[in-house]
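The block underneath contains the structure these notes are about, expressed in structure tokens.
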Amino acid sequence: MSTVQHLPSAVEALLADGTTALIRPLAPADHDAVLDLHAERMSDVSRRMRFFGASRRAPELTADRLCGPPRPGFLALGAWVGGDLVGEADYESEPGHEDAAELAVAVADAWQHRGVGTLLIEHLVHAARERGIHTIEADTLAGNRAVHRVFSDLGLPVHRHLDQGEIKVTVPLDESDEHYREAVDERGRAADVASLAALLRPRSVAVVGASRRLGSVGQAVLRKIREGGFTGEVWAVNPYAEQIAGEPAYPALGALPRVPDLAVLAVPPAVVASAAQECGRAGVRALVVLTSGLGADAARQLMHACRRHSMRLVGPNSLGIAQTDPEVRLDAEFGGAFPLPGTAGVAVQSGGVGIALLERLAWLGIGVSSFVSLGDKYDVSGNDLLQWWESDGHTDLALLHVESFGSPRAFARTARRVSRTIPVLTVDAGRSAAGRRGAASHTAAAATPTVTREALFRQAGITATRGIAELVETAALLHAQPLPGTRGAVAVVSNAGGIGILAADACVEAGLSVPELPAALTDELRALLPAAAGATNPVDTTAAIGLDELRSCVDMLVRSRAVDAVLVCLAPTALTTGERDGLVHALADGPARRRVPVVAVMLSQEVPVRYLSCVDGRRLPSYADPVTAARALAHAVDRARWLAEPTTAEAVVSDSDPASGRLLVDAFLGANPGGGWLDPVLTAQLLECYGLPLTLSIWAPDEHAVVLAAQSLRQLGHDGRVALKAYWQGQVHKSAAGAVRTGLTTDAEVRSAYREFTQHFGDRMAGAVVQPMAGPGLELLAGVVQDQVFGPLVVFGLGGTATDVMDDRSARLAPLTERDLSTMITDLRSAPLLLGRPGLPGVDLAAVGRVLAGLSRLAADLPEVVEADLNPLIARPDGLACVDARIRLEPRPTFDPYLRRLRRPVADPPKEEP
Ligand code: ADP
Ligand code: MG
């Protein structure tokens, strides 16, 4: 393949202590910085470790070597913090041995033990892998503990050989990928959490722009911080006021007695960027920007100030943040009352939704651990907060109301991990086309159809609800009751038969079952309940039920193990009115409800959901409507099922060649920096790299070549019939444009079809593709899309002309597991056509699985593939032929899950600070 080599672009990432570092390839202009690093900022000892001796010229020679023009087999990366080079790492391979490279790393003394070396090596390993390097080696001195630790903590297998006081470290890059990814994830999580501490557990806060005007946002926040009893120090900064809300104000950040950890900016849009720069220069570690309406330039400068000075940023357009831990007690938001301390982590994009959520959680008594109004999410996103809540020790429930979670490629990994320990709930905002229009206008969220979105949230372990009310109703159940069993079998009990029937309907409609009860249990119930009662499911106790009987009835159902949940509907009746509370208490104080959730429906209740306190301290949710209760139960069953699913390994792709795929993509984007559709030849080549074979397709630039191609296909023993497809750059649907002819048999037919093409399409036609006809079969489609919320997805479904009519598709987050391969097929309404049944053969499922697995790997390896579409795949019992494929590439804008880096909504490289 070609030797085209694109240098990795500059990225920013967090060091172990949460400091932001810029990682980018070294260039000739960095010569002095590298020289300075090696000559001045490393001790003699460090230098000896690096150079195995202390040659005076070593720093100079190193700077020369590292800062030359790009050359094949060599890459040097530098790490910068606040404009200073704090470390470098490079690899170099010997000519003729390009699959191995020698690695070296150096970190300034003052920056050691902060993860600089590890971060540099991660990025270098990533680049090396992409360039087809299979092993990296490093010669290190036996006493160089720091470097040995970096290697052993990396998460890659490391082999060591001792040779005369030197240790040769060998790291094979192909092995143990999942382990390495977990190690990278873990380091990323730790660094992320460290960087968020200044935001969510600050010891001091400055409110910048607090004005004297009563009712101003800044002043409101200042008051709330004080009145909320913040345990740290708080100051107001305002050049135009000496006193604000009765307290002294400081004219500038520099005039404060100490540097605050966190600054809340409530200044006009035009001065946000300069205020942020002032904060950064002073050493502030985090910003919450309440201001909205920033222009593109101001936004870019704000981001730049944050990255350059290592500040995490919430907002702009944020309502603020709150931390209820008694050690902190920070209420820096201009919503309602001080949030009730509790255990739900809440993050919202829209402030109004945030206030509503806080109120409802307070009313229920769940309360919040921390609250963040993310606003426009320039930096801190839902992903960051999931990681924070995962490890803050206070949060047992995560609630997000966001249109997207942050870096789509990181989302699935983070969500899947966090959902294992705490329930993660979200409102699926932007489901409808109209909703997406609204969402797109401020976050350009994705356009995945609803069915698919549900499946994708589920795959990530997230409980997606249809609105705020459903979110709170579901949270109430998940927070207070054990998870139901995975069967989803519910026993319905009511004191009024009609309501029981409604509740049973609601359960079934929500995807639960209301099974018949075992005969022994029915007998037991019959013996217990009043004579007129119905002892089948739904159980009708009749209005004559007494308190003790009701309690025993529920206990019997719970203990029986015949059901996974008990839903008790109580209607006020003339007989029970006096006893209404009593009946409810019968539910609340029954023993042994530990394993099976019990929920109540009280038709007389005025609020949609409330808690009944049980004697054992547990709370039992009571709903006003059986539909609501059933929906909450169904979400809980879904979560139980998800948790019970084995976390199977990624689907195996046997014959892939990712290094060639990488080269091909780099070469195309080198020639087409804006991206675009691959031509038929490149498309076939890229698919080949992932074991995805396209039907033999011969490229023919003119009539003569077309006829020759058809003849040679006939000689190859195909049945003689060919397909002819006109090609021009940028074409979309060929058959709709009349550019496909199938079933051509003779030279004359082929020739005249080609002539018609040339007449019709004229000069724009670049030539044609000649293919043998695939035998008849079921037309399927498979492909890759990059979803703005979920990241890369593999899509599968009915293809060919049925695509639009039937709209029968399944989709999964890439990378797919072995299990995904089969559920993607069984999820389709047309699954029986694929699986077959007696008398009707299905299709070659193993071949389908191979295509899906290959696409999954392609999507995971190559974020530049924004669209890949194999349509149709013609499937038969004995094989699969792909007769048409299209692939579109874009320069990599996206986050790579295997590389730690910060999200960057501002596409341009940062300009120097004015
Ligand atoms: P497009 O999707 O751009 O319209 P295709 O290459 O998919 O063009 O061709 C359209 C339809 O023609 C396919 O869905 C398939 O039914 C049929 N077709 C195309 N090529 C072949 C082939 N080599 N063998 C059999 N059928 C083909
Ligand atoms: Mg097609």
Aspartates and glutamates within cross-link reach of K224: Cα-Cα under 13 Å, excluding same-chain residues under 8 positions apart? D331, E333
Note down the nm distance, to one decimal, between modelled labels 7 Å out along Cα→Cβ at R160 and at S604. 7.5 nm
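Rounded, prolate or oblate for the chain? Axes are the square roots of the Cα gyration tensor eigenvalues, ordered a ≥ b ≥ c, and the cut-off for rounded is a/c under 1.5.
Numbers: a/c = 1.95, a/b = 1.13, b/c = 1.72.
Oblate.
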Of all DSSP beta bridges located in the chain, what percent are antiparallel, nearest 5? 65 percent
Sites A255 and A296 - FRET efficiency at Förster radius 22 Å, r taken between beta-carbons, to 0.05: 0.10
For T170 and T823, calculate 0.36 nm times their separation in residues minus their Cα-Cα distance, and state this gained length in nm to one decimal. 231.1 nm
Sequence ranges 75-88, 533-546, 851-864, ranked by mean other-Cβ count within 10 angstrom, highest first: 851-864, 75-88, 533-546
Lys/Arg +1, Asp/Glu -1 at C-beta; the chain dipole; positive extreme among I545, V784, G345: I545
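Can you say what percent of the DSSP beta bridges in the range 192-319, counting only those with both residues inside, are antiparallel? Round to 5.
On the way: 2 of 20 bridges.
The answer is about 10 percent antiparallel.
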Contour excess over end-to-end distance, with Cα ends at R764 and D153 and 0.36 nm allotted per residue: 214.3 nm
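What FRET efficiency, computed as 1/(1 + (r/R0)^6) with R0 = 30 Å and r the Cβ-Cβ distance, is obtained for V732 and T421, rounded to the nearest 0.05?
Details: r = 46 Å, r/R0 = 1.52.
About 0.10, to the nearest 0.05.
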Could you work out how much longer the chain between L708 and R526 gets when fully extended? Use 0.36 nm per residue separation minus the Cα distance between them, nm to one decimal. 57.0 nm
Between the modelled labels at T746 and A146 (7 Å from Cα along Cα→Cβ) the distance in nm is 8.2 nm
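Using Stokes-Einstein with the Kirkwood hydrodynamic radius over Cα pairs, what translational diffusion coefficient do you get for the range 192-319 at 37 °C and a viscosity of 0.692 mPa s, in µm²/s rounded to a whole number? Provide the component values of the computation, followed by the final result.
Values: Rh = 14.3 Å.
Translational D for this selection: 230 µm²/s.
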Given only helices, namely DSSP H runs of n ≥ 4 each adding -39500 (n - 2.57), what is the per-residue ellipticity at 222 nm of the chain, to the nearest 500 deg cm²/dmol? -11500 deg cm²/dmol
First measure r as the distance between the Cβ atoms of S830 and A337, then evaluate 1/(1 + (r/R0)^6) with R0 = 41 Å and state the FRET efficiency to the nearest 0.05. 0.15
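Let a ≥ b ≥ c be the square roots of the eigenvalues of the Cα gyration tensor of the range 11-174; is it rounded (a/c under 1.5), or, if not, prolate (a/b larger than b/c) or oblate? Kindly include the intermediate steps, with their values, before the conclusion.
Values: a/c = 1.21, a/b = 1.15, b/c = 1.06.
Rounded, because the longest to shortest axis ratio a/c is under 1.5.
Looking at the range 484-644, what % of its DSSP beta bridges pair antiparallel, to the nearest 5?
On the way: 6 of 21 bridges.
Roughly 30 percent of the DSSP beta bridges within the range 484-644 come out antiparallel.
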Which semi-axis lengths, in whole Å and largest first, follow from the square roots of five times the eigenvalues of the Cα gyration tensor of the range 696-773? 20, 12, 11
Taking a crude spin-label model, label points 7 Å out from Cα along the C-beta direction, the V681 to D84 distance in nm is 5.3 nm
Overall form of the range 484-644 per C-alpha gyration tensor (a/c, 1.5; a/b vs b/c): rounded
Which aspartates and glutamates does K168 reach when only Cα atoms under 18 Å apart count, and residues fewer than 8 places away in its own chain are ignored? D90, E92, E94, D99, E102, E137, D139, D153
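Any idea what the relative contact order of the chain is, in percent, if you count C-alpha pairs under 8 Å spaced at least 6 apart?
Working: 1945 pairs, mean separation 80.9, N = 914.
Once normalised by length, the contact order is 9 percent.
Coordinate-derived values only; no laboratory data. Note that the structure is predicted; figures quoted are calculated from it, not measured. Here Cβ is always computed from backbone atoms with ideal geometry, including for glycine, and neighbour counts include all displayed protein chains.
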